[in-house]
Each structure stands twice: as C-alpha cells, then as structure tokens.
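Below is one structure, written out as structure tokens; the observations come after it.
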Amino acid sequence: MSGLDPIETFRQEAQELLEQVEQGLLDLARRPGDRALIDTIFRGLHTLKGSGAMFGFDALAAFTHHCETAFDRVRKGEVPASPSLVSAVLAAQDHMRALAEGTPVDAGAGEALLADLQAAIDGGDAAPAAAAPTAPGLNTFKIRFSLPADALINGARPLPLLDELRDLGEARVRVITDDVPPLDQLVPAECRLAWEVLLTTKHDRDAIDDVFIFVIDEMTLEVEDLTAAAIVEEPEVVEAVVVQEDVPVAANTPAETGRAAKSGDTVRVPAERLDEMMDRVGELVIAQSRLKQLAASSTDVALRAVAEEIERLASEMRDTMMVVRMVPIAQLFGRFRRLIHDLERDTGKQIELSTEGETTELDKTVIERLADPLIHLIRNSADHGLEGAEQRAAAGKPAVGKIMLAARQSGAEVVITITDDGRGVDRARVRAKAEENGLIQPGQVLSDNELLQLIFAPGFSTAAAITNLSGRGVGMDVVKKTIEGLRGSIEITSTPGEGSVVSLRIPLTLAIIDGLLVRVGTGRYVIPLATVEECVELTPAQDLRSTGRNLITLRDELVPFLRLREQFKTGTQPDLHQKIVVVATGQDRVGLVVDQILGDHQTVIKPLSSFHADVGAFSGATIMGDGGVALILDIPALVSLGQRHDAQLRAAG
Amino acid sequence: MTAILTVDDSASIRAAIKIALTGEGYNVTEAAHGAEGLDKASAGGFDLIVTDLNMPIMDGLTMIRELRQRPAGAGVPILFLTTESDADVKAQAKAAGATGWLTKPFDPEQLVRVVKKVLAK
Amino acid sequence: MTQDTIEALTFDLQGETFALEAGYVREVLDLLPETPVPGAPAFVGAVINFRGRVIPLVDLRMAFDMAVTETTIDNRIVVIEHPLDGEPTLIGLRADKVHEVTSITADTTEEAPRVGMRWRADFIRRLVRRNGDVIVLPDLDQIFAARGQSAPVTALHTAQR
C-alpha cells in the first residue's frame with residue numbers, strides 16, 4: 001500500500017472516507033443519538049481534513065474543517081445531531097467529493113452550503129492565532145532551566161535541547177547538580193539536573209522558548225536578558241560533560257558520601273540502605289522469575305540466553321546479600337554457654353542449657369539487637385524461674401534445671417523460645433505486684449494472657465527483689481520494647497510448677513523460600529522444600545481403597561495423609577494422577593495429596609494480614625512469575641492435623 | 001539504524017511520513033491503529049513513535065498512556081499529530097505521556113525538523 | 001455534633017451507598033485475579049497481589065447481610081490503609097461501583113438508629129442524608145474486629161434501648 005504515490009492513495013482514501021461519512025449520516029438521520037455513529041463521522045471528517053491539507057487539497061481541507069467543527073460540537077454534546085444539521089452535511093458531501101477529485105467547483109455553491117451548515121448549528125468558530133516572530137540584533141541571555149523528574153520517562157532528552165540552544169548562537173553550558181540525591185538514593189530514570197546557559201544570539205527570546213516548546217509547561221525556565229550588561233568574561237563556567245543519552249543522568253553525580261571501600265576494607269552502611277537494597281533484591285527475584293517464564297515460552301534464543309544470565313546474576317546477588325545480612329543464630333546461642341556457666345556459679349543452681357534450631361538464620365543487625373534481651377530472659381529464667389536444688393527435689397524434678405533455647409522459621413517470621421522447667425509464673429504474685437504498682441485496679445478482671453503480659457508492662461519490674469543479676473536496668477519492659485522495635489512480639493505461657501515458655505516472634509526482612517509448587521484444584525500452593533521428604537504417586541486404585549482410612553504404607557511404615565482437596569474444599573474432581581508429598585517436622589510425617597506438582601519455586605515470602613494469619617493452614621504467601629498468588633502451607637500445622645486425624649482413626653479402630 | 005514507528009489510520013499519511021523519514025535514512029514501521037501501535041511498540045526497539053490521536057479500535061491517547069506503563073514504553077519519545085494549536089488536546093496528550101507534537105498540515109521538512117528535535121542524537 | 005467536614009470516597013454495594021474517609025484510600029483498582037484462601041470466612045475469603053504485596057480482599061456485603069451478585073465492569077477494588085488489630089494494614093474492599101470523592105459535613109449526619117435497623121448497629125458510625133438518599137459511614141474498626149460477623153437482628157435489639 002505504501003509503495004504508491006501518497007497523493008493517489010489519498011484520492012482513493014478520500015472517496016472511501018466520504019462514502020463512510022455519507023453512510024454514517026444516513027444512519028444518523030434515523031438514529032440521531034447514536035454515539036458510535038457520531039464518532040465515526042467525526043473521525044472521517046477529521047482525517048479528510050488533515051490528509052487533505054497534507055497533500056495540498058486546501059480547498060477541501062478548509063471546507064471540511066467547518067463540517068468537522070460542527071460534528072465536534074455534536075460529539076462533545078454541545079449541539080444535537082438535528083435533522084437540519086445532518087442534511088446540511090449530507091448536502092455538502094457532493095461538494096467535498098468534487099473537491100477531492102479536483103473537478104472544478106462553484107465557489108458560491110460552497111458558500112451557500114456552509115451558510116446552511118452554520119444556520120444548523122448556530123455557532124461560531126475561532127480562527128487559529130498566529131504567533132509573530134521578531135527582530136534581530138545580537139542578544140545575550142542567561143538561561144537557567146531544569147526539567148521535571150519524569151521528563152526522561154516521557155521521552156524528553158536534555159542533550160538535544162542544549163544542542164538546539166547551541167544552534168542559536170554561541171553558548172556556554174554549565175550543569176547544576178544541587179538537586180541530585182546521593183547515589184544510593186538515586187532513581188536513575190528521574191531527571192534531577194539543571195543547566196545554566198549563557199547564550200549570545202541574533203535570535204530573540206521567542207527562539208529560546210521555541211527550543212523548549214514541548215516541555216515548557218512542565219519545566220522551570222528562567223531567561224534573563226543580559227544584552228545591556230557587559231558580557232565579557234564569565235569565569236568558572238565549566239563546560240560540564242553531561243553524560244551520553246542512553247545512560248540516565250545518574251552516572252555523573254557526585255556520588256559517595258566519602259567513605260569508599262577498597263576490597264578488604266569494611267564499610268559502615270546505614271541499616272535502612274541495606275533494607276532498601278534487600279527490598280530491591282526481593283523484587284528483582286520476583287521480576288527475574290517472570291522473565292524466566294516469558295523466556296521459557298519464547299523461541300528467541302537470544303532472549304533465553306539473557307534470561308539465564310540474569311537468573312544467575314540475581315541468584316548470586318541474592319546469595320551475596322544473604323551472606324551479608326543473614327547469619328545463623330548459632331553464633332548468638334554460642335555466647336550463652338558462657339552465660340550459663342556464670343549463672344550457675346552465681347545462683348548456686350545446676351543449669352543445663354540445650355539449644356535447637358541453631359541453623360535458623362536471622363538478619364545480622366537483628367541478631368545484634370536480640371543479644372541483650374535474650375541474655376536478660378535467660379537470666380530471668382535462671383534466677384526466678386528455676387527453683388533451688390531442694391525445692392526441685394521436693395517437687396520430684398531432676399536436680400539439674402533445664403533451659404532450652406529454640407529457634408525456627410515459620411513463614412516470614414523467626415520464632416525464638418526460651419523454655420525452662422522451673423516453678424512457672426506465680427499468678428498471685430504478679431497480680432499483687434501489678435496492683436501494688438498501680439498497673440491494674442484491685443478486682444479488675446483479666447484473662448490469663450493479659451495477666452501474664454503485665455510482666456512486660458513498664459513500671460512492673462520496679463518491684464521488690466532485684467537481685468544483682470537481673471537488676472541491671474534491662475527490665476522486662478525494655479525487653480518488650482526492644483523486640484517490638486524489631487517489629488516483633490513477645491509472649492509468655494506458663495504452667496505453675498512445671499515451667500514457662502517465653503516466645504519471641506521476629507519478622508524476617510527478606511525471607512526467601514525454596515519451595516515445591518503444587519496445584520490443588522485451581523489453586524497453587526507452596527510447600528517449603530526443607531520439609532519435603534519425598535513424593536509418591538497416589539493411584540486411583542489406592543485412592544479408592546483408602547477412603548476413610550487415609551494411610552499409606554511407605555517402606556513398611558504407615559504414614560497418614562491428608563487430601564488437600566478436601567481440606568481446602570475445592571469442590572473439584574481429583575486429577576487422574578494425584579501425588580502425595582510426604583512432609584515432616586521432627587519425627588512426625590504426613591502425606592499431602594495434591595493434584596499436580598508444578599516444580600521448584602523460589603521467591604520472597606510475603607506475610608499474610610491478621611485476617612488470614614490464623615486460618616491455620618497457611619504461613620504466608622508468595623507471588624508467582626505471572627503475578628498470581630500462591631499460599632505457603634504451614635507444615636507443622638498440617639502435620640499436627642494429620643497426626644490428630646490419624647489418632648482419631650486409630651482410636652476408632 | 002534509527003527505528004521509527006508511525007501510527008495512523010490514514011494510509012496516505014503513513015505513506016507520506018514513511019517517505020519523508022526514509023529519505024533521512026530512518027527505518028519506518030507502520031501501524032494502522034492504536035492497538036497495533038501498542039503491540040508493536042511494546043516489543044521495544046523503536047527510537048521514536050509518531051502517532052495520530054483520532055483512530056478507531058484504540059485512539060492515540062489511550063495508546064500513549066498504556067505504552068508509558070510498560071517497560072518498553074518508558075523513555076521513548078512520542079510525537080503526536082494535532083491540527084492547529086488545540087491547547088486542550090496538547091495538555092491531554094502531554095499528561096498521557098507524549099513528548100511533543102507536530103501540527104497538521106506539515107510538510108516533509110517540518111516533519112524531519114521536529115523528529116530531529118526529539119531524537120537523541 | 002461537631003461542624004467538621006470530611007472528604008470521603010463514596011461507593012455502592014447492592015444498592016446502598018457507603019462512604020470512606022478519603023485519607024484511608026490508597027488506590028482504586030479494576031478487578032484483579034483473586035486467590036481464595038481455603039478456610040477463611042467469606043467476609044475475607046481471598047487475597048490479591050497489589051503492587052507486589054499480598055493483601056486481603058474484604059467483602060463488606062457479608063457484614064451487611066447483602067446478596068452476592070455477579071461482577072460487572074463497574075466493580076472496583078478500593079485499597080485502603082487501615083489499622084487491623086493495631087497494625088496499619090493494606091486492605092482491599094470490594095465495591096460494586098465507585099463514585100467521586102465528596103465532602104460530608106457533620107451537620108447532615110445522624111447516629112445510626114438503634115431500633116428497626118436491619119444491620120448491626122455497631123457496624124455503622126453514622127448515616128448521612130443527601131438528596132433524599134442515605135449514605136452509610138461504616139465503622140471499619142468494629143467490622144474488622146468482628147471479622148464481619150453480623151448478628152441477626154432479634155427482638156433483643158429493640159429491647160436494648
């Protein structure tokens with residue numbers, strides 16, 4: 001089509017357009033309110049006018065312009081498509097046809113037609129204003145301008161602008177970097193530079209405005225006419241090298257805050273910076289996952305190669321960041337052995353410290369900040385929790401008191417517990433202390449949990465027996481504050497005579513999960529890979545055989561299983577080849593029956609709101625490569641459920 | 001080779017633009033309406049897009065707005081064609097993310113001048 | 001009643017108009033793919049992906065005993081930031097149709113009547129009369145705390161006052 005002569009193409013096009021407009025008008029006569037018709041007619045007239053002007057059909061363009069204006073007003077709802085209007089435009093069709101074909105027309109006829117049209121709409125139209133140029137002479141301007149931050153995104157380029165200014169005359173350019181944020185806060189796609197240009201030109205101010213015509217509404221522009229003043233020297237106007245277009249203006253910025261690192265040196269970086277970087281890495285992992293998906297379904301070899309490369313880089317970056325930040329809690333637990341030794345000596349009690357989950361990883365800074373609170377909690381257990389040797393003997397407990405420190409990851413949190421097998425919390429004493437210190441009213445009704453939480457209330461621990469161990473000014477309220485400062489929570493549960501458990505829940509800033517992605521019904525779910533033991537098939541035969549007795553024999557062992565389809569009430573029919581994913585926590589196992597195993601999946605854990613946090617089966621969510629959401633299964637919860645069902649079945653015999 | 005996408009429902013306008021710009025050594029691809037333009041532009045690789053606003057199926061404003069939200073669309077200069085000097089239209093188009101405009105009617109020299117103005121050299 | 005004006009976003013649910021303080025509103029979205037959460041109450045039965053965060057999708061119709069009808073192209077999700085159990089949380093609210101942000105002056109509002117209301121009285125902060133219509137200002141704190149559980153209206157309600 002486009003190999004032809006444009007003018008000939010236009011002629012043909014014009015005829016088609018006129019046809020189209022005419023048909024539209026005829027239809028409109030019968031259906032005056034039809035928006036679609038009005039739009040089509042308007043568009044046709046608009047194109048006719050525009051193209052006509054393009055190719056020298058001035059008369060046609062001028063004439064059509066009036067019709068177009070009339071229909072624009074109809075389109076905007078200012079004027080109805082009255083019968084007289086429609087017929088006026090219809091009548092004009094032949095005239096326009098003639099103009100398009102180039103056959104001679106009667107000017108008077110044209111006028112008459114337009115008069116009719118005018119009568120039909122009763123409106124005026126404005127003539128476009130013309131700008132006027134001005135006079136010469138040599139002028140000097142001091143121009144200072146900056147572009148809006150989103151200019152680059154909308155396609156504007158500073159360099160061509162500067163070049164255009166240079167085209168106007170002699171220009172000296174200086175870049176102003178005052179508004180550029182430090183490198184680590186920099187958003188590369190934002191334009192934060194400003195320029196000062198000293199221009200000597202024979203053009204006038206209008207020419208300058210013309211350069212910026214496309215951005216003039218959004219930019220800041222100051223033009224000072226220095227023509228009168230002497231324009232001789234301008235020291236310190238440095239011709240700054242503004243960077244090549246493709247690279248966003250970031251690269252030229254006065255980057256660091258002075259503390260550059262050579263390899264081997266350490267750098268102190270504010271934690272917030274690392275937090276942001278971690279967020280970016282998390283998002284990068286998600287985006288890279290989408291890229292992987294897209295590339296997989298593409299036949300473009302180059303794309304797939306790049307996608308693989310990016311996957312490798314993202315993975316390395318993630319690992320590096322993780323190494324930088326995530327640290328096993330073992331190093332913290334290690335410190336406490338010494339503490340226990342000292343405590344034993346100081347209290348005269350025998351204490352055994354056991355630990356679990358030492359490989360659980362936490363943010364480095366979080367670990368630092370947990371040290372003091374944990375020390376205090378352990379001291380507290382040793383001091384107040386554990387009884388002396390005689391009391392323990394009297395209670396039938398072993399002489400050695402036990403304190404257990406445990407850590408585990410649960411969804412997007414790490415749960416740390418300090419358990420002791422001591423005397424437990426004396427509710428009466430807590431109540432008394434609280435009333436004594438004015439924290440509660442005498443006789444005020446409190447749930448057990450609320451009562452226990454009072455232990456963390458400020459003003460509670462200003463109480464009587466401050467032993468020299470716990471009285472270091474790190475009270476329980478400070479512990480709670482510290483934990484909450486990490487956006488975590490703290491809780492005590494306790495059984496009188498048996499012991500207490502203090503639980504800390506700390507959210508992970510960047511929790512990336514390696515999971516097995518599965519499908520149950522139409523939903524996708526993630527099973528933490530760390531919990532997966534193996535996957536086996538559940539044949540339809542086995543499925544049928546085991547209704548009511550959900551057990552499967554796995555290497556001579558009976559393993560209970562849960563049909564997630566039923567658990568989640570999907571209402572769907574099971575797949576032909578269901579799979580059982582055998583998961584375990586500690587010694588307990590359960591099989592989870594799913595419709596399909598989709599593969600490995602690695603992505604960032606997103607926390608669920610408190611609406612869903614207690615639903616039970618889920619410990620978090622992740623975002624898939626296609627933007628969809630997959631819920632992460634809470635394996636310990638499901639394992640307990642499986643065990644319970646199993647126990648019930650066994651009991652039922 | 002600089003790649004330009006021209007989006008217009010008028011075949012003759014597309015032809016005219018193509019001829020003018022090919023003469024300058026640019027590589028010109030055509031699209032007949034906003035949806036086609038969006039498709040082609042989303043694949044990336046264009047240094048400039050010249051588009052009409054009034055088109056069937058998907059008009060120019062919608063195309064520009066949509067395109068700016070996609071990775072391939074951020075940063076590409078987009079010129080729109082407008083008749084006379086309708087300030088409202090210009091404001092709308094700029095708000096949608098257009099870079100600049102070209103007033104109709106225009107001759108080849110004007111087209112080339114404006115194209116050069118927005119193309120990063 | 002105090003003479004303050006609030007800027008509120010109004011939206012429809014099953015023929016009733018509700019209003020939310022504009023300050024809570026983060027964004028209004030077209031319907032997005034939702035992921036059901038098995039075991040969750042119908043009031044908040046699904047989650048959505050909002051700019052890389054997984055946020056709950058709340059159906060206020062459950063709190064007001066309304067029927068659940070087919071989705072239309074006018075349906076929107078209003079994303080708000082509101083305290084939930086003490087924590088500021090991003091929450092999506094279903095809306096049949098979203099209207100403009102409008103000013104609501106306190107002197108045109110009334111307390112929810114205790115008698116004769118078919119909804120839980122504590123789910124409603126205020127009612128506003130405007131052009132003969134009634135606009136409901138829901139008490140999101142109460143609704144969220146109750147997880148949308150609406151109690152049936154019994155004679156007990158009338159007896160309470």
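Filtering the stretch A:82-94 down to residues that are surrounded by fewer than 22 Cβ atoms within 10 Å (Cβ to Cβ) and in contact with an Asp or Glu (Cβ under 9 Å, 6 or more places away or on another chain), which residue is farthest from A:D116 (Cα to Cα)?
A:Q93
Picking from B:A96, B:A87, which residue would you name as being within 10 Å of another protein chain (Cβ to nearest Cβ), surrounded by fewer than 21 Cβ atoms within 10 Å (Cβ to Cβ) and modelled with pLDDT under 85?
Values: B:A96 fails: modelled with pLDDT under 85.
Going through B:A96, B:A87 in turn, just one is within 10 Å of another protein chain (Cβ to nearest Cβ), surrounded by fewer than 21 Cβ atoms within 10 Å (Cβ to Cβ) and modelled with pLDDT under 85: B:A87.
Filter the stretch C:1-46 for residues that are touching a His at 6+ places or on another chain (Cβ under 7 Å) and in a strand (DSSP E or B) and give the result.
Once the filter is applied, which keeps residues that are touching a His at 6+ places or on another chain (Cβ under 7 Å) and in a strand (DSSP E or B), the stretch C:1-46 yields C:T10, C:F11.
Those residues that are of a type in the set (V, I, T) and either more than 16 Å from B:T6 (Cβ to Cβ) or at the interface with chain A (Cβ under 10 Å from one of its Cβ atoms) (or both), I need them from the stretch B:99-121; list them, please.
Restricting attention to the stretch B:99-121, the residues satisfying the condition of being of a type in the set (V, I, T) are B:99, B:103, B:112, B:114-115, B:118.
Within the stretch B:99-121, B:T99, B:T103, B:V114, B:V118 qualify.
Condition first: touching a residue at least 24 places away in the same chain (Cβ under 8 Å) and in contact with a strand residue (DSSP E or B) (Cβ under 9 Å, 6 or more places away or on another chain). Can you find one or more residues in the stretch A:182-191 that meet it?
Yes: the stretch A:182-191 contains one or more residues that are touching a residue at least 24 places away in the same chain (Cβ under 8 Å) and in contact with a strand residue (DSSP E or B) (Cβ under 9 Å, 6 or more places away or on another chain).
Given (1) more than 8 Å from chain A (Cβ to nearest Cβ); (2) in a strand (DSSP E or B); (3) hydrophobic (A, V, I, L, M, F, W, C), identify the lone condition not met by B:M63.
(2)
Return the total of residues in the stretch B:9-32 being crowded, with 19+ Cβ neighbours inside 10 Å, within 11 Å of chain A (Cβ to nearest Cβ) and at pLDDT below 90.
11
Within the stretch C:58-86, track down each residue that is of a type in the set (D, E), surrounded by fewer than 19 Cβ atoms within 10 Å (Cβ to Cβ), within 21 Å of C:L29 (Cα to Cα) and within 12 Å of chain A (Cβ to nearest Cβ).
First, the residues of the stretch C:58-86 that are of a type in the set (D, E): C:59, C:65, C:70, C:74, C:81, C:85.
Among the residues that remain, those that are also surrounded by fewer than 19 Cβ atoms within 10 Å (Cβ to Cβ) are: C:65, C:70, C:74, C:81, C:85.
In the following step, the residues that additionally are within 21 Å of C:L29 (Cα to Cα) were identified as C:70, C:74, C:81.
The answer is C:E81, and nothing else.
Restricting the stretch B:68-84 to residues that are among the hydrophobic types (A, V, I, L, M, F, W, C) and crowded, with 21+ Cβ neighbours inside 10 Å, which is farthest from the other protein chains (Cβ to nearest Cβ)?
B:F80
Can you find, within the stretch C:87-101, the residue that is nearest to the other protein chains (Cβ to nearest Cβ) among those that are farther than 20 Å from C:M62 by Cβ and either among the charged types (D, E, K, R) or touching a helix residue (DSSP H, G or I) at 6+ places or on another chain (Cβ under 9 Å) (or both)? It would help to see each step written out before you state the result.
Initial filter on the stretch C:87-101 (farther than 20 Å from C:M62 by Cβ): C:87-88, C:99-101.
Narrowing the set further to residues that are either among the charged types (D, E, K, R) or touching a helix residue (DSSP H, G or I) at 6+ places or on another chain (Cβ under 9 Å) (or both) leaves C:87, C:100-101.
Details: C:E87: 7, C:E100: 19, C:V101: 19 Å.
It comes out as C:E87.
May I ask you to list the residues in the stretch A:164-181 that are in contact (Cβ under 8 Å) with a residue 40 or more places away in the chain and under 28 Å from A:A207 (Cα atoms)?
Correct list: A:E164, A:L165, A:L168, A:R172, A:V173, A:R174, A:V175, A:T177.
Of all residues being β-branched (V, I, T) and closer than 19 Å to A:A14 by Cβ in the stretch B:1-37, which is farthest from the chain's Cα centre (by Cα)? Just the residue, please. Show your work before the answer.
Let us first name the residues in the stretch B:1-37 that are β-branched (V, I, T), namely B:2, B:4, B:6-7, B:13, B:17, B:19, B:22, B:28-29.
Next, only the ones that are closer than 19 Å to A:A14 by Cβ stay: B:13, B:17, B:19.
Values: B:I13: 12, B:I17: 10, B:I19: 15 Å.
Among those residues, the one meeting the criterion is B:I19.
What is the number of the single condition among (1) outside any loop (DSSP other than H, G, I, E, B); (2) at the interface with chain A (Cβ under 10 Å from one of its Cβ atoms); (3) of a type outside the set (K, R) that B:G37 does not meet?
So B:G37 meets the others, but not (2).
Residues A:F10, A:F57, A:F42, A:F71: which one is buried (at least 22 other Cβ atoms within 10 Å of the Cβ) and touching a His at 6+ places or on another chain (Cβ under 9 Å)? Working first, answer last.
Working: A:F10 fails: touching a His at 6+ places or on another chain (Cβ under 9 Å); A:F57 fails: touching a His at 6+ places or on another chain (Cβ under 9 Å); A:F42 fails: touching a His at 6+ places or on another chain (Cβ under 9 Å).
After applying the criteria, what remains is A:F71.
Collect the residues in the stretch A:480-526 that are part of a loop (DSSP other than H, G, I, E, B), hydrophobic (A, V, I, L, M, F, W, C) and farther than 18 Å from A:L374 by Cα, keeping them in residue-number order.
Just the residues of the stretch A:480-526 that are part of a loop (DSSP other than H, G, I, E, B), to begin with: A:486-488, A:496-498, A:508-511, A:521-522.
Keeping just the survivors that are hydrophobic (A, V, I, L, M, F, W, C) gives A:486, A:508, A:510-511.
If the condition is that a residue be part of a loop (DSSP other than H, G, I, E, B), hydrophobic (A, V, I, L, M, F, W, C) and farther than 18 Å from A:L374 by Cα, then A:L510, A:A511 are the ones that fit.
Go through (1) in contact (Cβ under 8 Å) with a residue 60 or more places away in the chain; (2) small (G, A, S); (3) within 9 Å of chain B (Cβ to nearest Cβ) and name the single condition A:G52 misses.
(1)
For the stretch A:309-337, how many residues meet the condition of being modelled with pLDDT of 65 or more and either over 30 Å from A:A295 (Cβ atoms) or among the basic types (K, R) (or both)?
Here the count works out to 13.
Mind listing just one residue for me: the one in the stretch C:47-57 that is more than 9 Å from chain A (Cβ to nearest Cβ) and under 20 Å from the mean Cα position of the chain (by Cα) and, of those, farthest from A:E566 (Cα to Cα)? Give the derivation first.
Restricting attention to the stretch C:47-57, the residues satisfying the condition of being more than 9 Å from chain A (Cβ to nearest Cβ) are C:50-51, C:57.
With the extra rule that they be under 20 Å from the mean Cα position of the chain (by Cα), the set shrinks to C:50, C:57.
Values: C:F50: 29, C:L57: 23 Å.
Here the residue is C:F50.
So, in the stretch C:54-88, of the ones that are more than 24 Å from C:Q14 (Cα to Cα) and in contact with a Pro (Cβ under 9 Å, 6 or more places away or on another chain), which residue ends up modelled with the lowest pLDDT?
C:L84
Name the single residue that is nearest to the other protein chains (Cβ to nearest Cβ) among those in the stretch C:17-44 being hydrophobic (A, V, I, L, M, F, W, C) and out of contact with any strand residue (DSSP E or B) (no Cβ under 7 Å at 6 or more places or on another chain). Don't jump to the end; show me each part of the working.
Keep residues of the stretch C:17-44 that are hydrophobic (A, V, I, L, M, F, W, C), which gives C:18-20, C:22, C:25, C:28-29, C:31-32, C:37, C:40, C:42-44.
Remaining after also requiring out of contact with any strand residue (DSSP E or B) (no Cβ under 7 Å at 6 or more places or on another chain): C:40, C:42.
Details: C:A40: 5, C:A42: 12 Å.
Of everything passing the filter in the stretch C:17-44, C:A40 is nearest to the other protein chains (Cβ to nearest Cβ).
Being surrounded by fewer than 19 Cβ atoms within 10 Å (Cβ to Cβ) and not assigned by TED's automatic domain parsing to the domain that holds A:Q587: is that true of A:V536 here? Before you say what the answer is, go through the steps one by one.
Values: surrounded by fewer than 19 Cβ atoms within 10 Å (Cβ to Cβ): yes; not assigned by TED's automatic domain parsing to the domain that holds A:Q587: no.
Considered against the rule, which asks whether it is surrounded by fewer than 19 Cβ atoms within 10 Å (Cβ to Cβ) and not assigned by TED's automatic domain parsing to the domain that holds A:Q587, A:V536 comes out as no.
Could you please find all residues in the stretch A:25-43 being of a type outside the set (V, I, T) and in contact with a Gly (Cβ under 7 Å, 6 or more places away or on another chain)?
Of all residues in the stretch A:25-43, those of a type outside the set (V, I, T) come to A:25-37, A:39, A:42-43.
Within the stretch A:25-43, just A:L37 meets the criteria.
For the stretch A:61-101, which residues satisfy the criterion of being of a type in the set (G, A, S) and without any contact (Cβ under 8 Å) to a residue 60 or more places away in the chain? It would help to see each step written out before you state the result.
If we filter the stretch A:61-101 for residues that are of a type in the set (G, A, S), which is where we start, we get A:61-62, A:70, A:77, A:81-82, A:84, A:87-88, A:91-92, A:98, A:100.
Within the stretch A:61-101, A:A61, A:A62, A:A70, A:G77, A:A81, A:S82, A:S84, A:S87, A:A88, A:A91, A:A92, A:A98 qualify.
The values are calculated or read from the model by the stated rules, or taken from the named source; none is laboratory data. Fair warning: this is a prediction, and the values are worked out from it, not measured in the lab. Neighbour counts run over all protein chains shown; Cβ positions are idealised from the backbone, glycine included.
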